[in-house]
Amino acid sequence: MHCSSKIAFNAPAIMGREIELLQEAVTRNRLAGDGYFTRLCQDWLRRELGSEKVLLTTSCTAALEMSALLLNIEPGDEVIVPSFTFVSGANAFVLRGAKPVFVDIRRDTLNINEALVEQRISSRTKAIAFVNYSGIGCEMESLSAIAKRHQIALIEDNAHGLFGKYRGRALGSFGTFATQSFHDTKNVTCGEGGALIINDAQFAERAEILWEKGTNRKKFLAGLVDKYTWVDIGSSFLLSDLQAAFLFGQLEQGRLIQALRHAVWQRYFDRLQPIAHDLDICVPQIPPDCEHAAHLFHILLPNQGIRDQLISFLRSQNIGSAFHYLPLHLSPMGRQFGYRQGDCPVTEEISGRLLRLPFHNRLTREEQDRVVSAIEAFHN
């Protein structure tokens, strides 16, 4: 059943006016950050998420690093994070000297297990930083209650979750801060990029200072001071206006993008769920109070050996696929913090069994059918 045409695991697509807006950005003679299109994107996201302030950044990683700066994370502090997440989810805080306190995930959503969080909180805990895996919301009410009880911040890594909802409320609106990703692999992209979402007004003014390399430039531009100077720590976090122009072209088509991606997700589910038992696989589980963001579609195989064999088989059929996060607590860096095998058993098991199928805005029904047929052929 070998097919010569390649089915890409990911393929970013022009969805609307991106090229036209790039040209407009050039004619506006401002390619640096905080320009016309930066502000359009920030306003769009602020309205979409109902947030206090939005700042475009060079990446979701940069936004996470800004959140660590805003919370004054320092050596000796602890931040609770899932072990099943991208390395930036821990690195942003380790860069400031904090220790990542890894927590295991739930079997159903693959999100941080909220029932395990409180027992890991200590007097040194400054924040709970969690990811809405695959665009499925974590148990926000439980996490919010824990954070409030212990007077610590919530940092919502929403890299997967733009357009997703938890109990009717937008993902990205729950944390003290939330972070977005516009990387090549995300629903809405500008190649590389991100955003810091500020949901607590007390951090808004300082966030702009950090974003502007530690200066009060925004006050100067607003006419509130006669010159701007260095007033705080900071770095160069701004996304270029050229990238923001491309991003705005994608945001304009956000509803179309989501409709296309939900159709892709649903077709995989409709094809695979009825035969999942026969194929000895598990398909994603969406809690009834969550509206997922259709970011990815994964299946779980019986074990890592079979998972790796399926990746190789799909590759032989010219079909791209990928595993996902390796457990951070078992990485060389994680072991430096004293973690060992068995500390997050669900993460360790799931990480070895998980396989992500091709998923992008332009994936056709015929291509999806080829993927499903290949999975069936592998099992048989």
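Derivation of every value follows stated rules applied to the coordinates shown; laboratory data play no part. All figures in this text were calculated on a predicted structure; none of them were measured in a lab. Using ideal geometry, Cβ is built from the backbone for each residue, glycine included, and neighbour counts are taken over all protein chains shown.
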Inset, instruction - Please check which bits of region 71-112 a label hung off SER123 would reach, taking the label as a point 7 Å along Cα-to-C-beta and the cut-off as backbone N under 18 Å. - result: 74-79, 99
Legend entry - Expected 222 nm ellipticity per residue - DSSP helices of 4 or more, -39500 (n - 2.57), all of the chain, to 500: -11000 deg cm²/dmol
Inset, instruction - Select from SER123, SER240, SER51 the residue whose mean-square fluctuation is largest in a Gaussian network model of the chain (Cα-Cα springs shorter than 10 Å). - result: SER123
Inset, instruction - Starting with the fewest neighbours, write out PHE220, PHE37 ranked by other beta-carbon atoms found within 10 Å of each beta-carbon. - result: PHE220, PHE37
Legend entry - For region 18-252: lysine pairs under 14 Å (alpha-carbon distance), excluding those fewer than 8 apart on one chain: 5
Inset, instruction - In a Gaussian network model over the chain where Cα atoms closer than 10 Å are linked, find which of LYS165, LYS126, LYS219 has the largest mean-square fluctuation. - result: LYS219
Inset, instruction - Determine the distance separating the Cα centre of region 22-42 from the Cα centre of region 331-380; give it in Å without decimals. - result: 38 Å
Legend entry - Estimated vicinal HN-Hα couplings, Hz - region 332-339 in sequence order (Karplus 6.51, -1.76, 1.60; Gly, Pro = x): x, 5, x, 5, 4, 8, x, 7
Legend entry - Residue exposure sequence - THR125, THR38, THR364, THR179 - by fewest surrounding Cβ within 10 Å: THR364, THR125, THR38, THR179
Inset, instruction - Neighbouring Cβ atoms within 10 Å as the yardstick, rank SER321, SER83, SER173 fewest first. - result: SER173, SER321, SER83
Inset, instruction - Compute the long axis of helix 254-272 from its Cα atoms, compare it with the longest principal axis of the Cα atoms of the chain, and write down the angle in degrees, 0 to 90, nearest 10. - result: 30 degrees
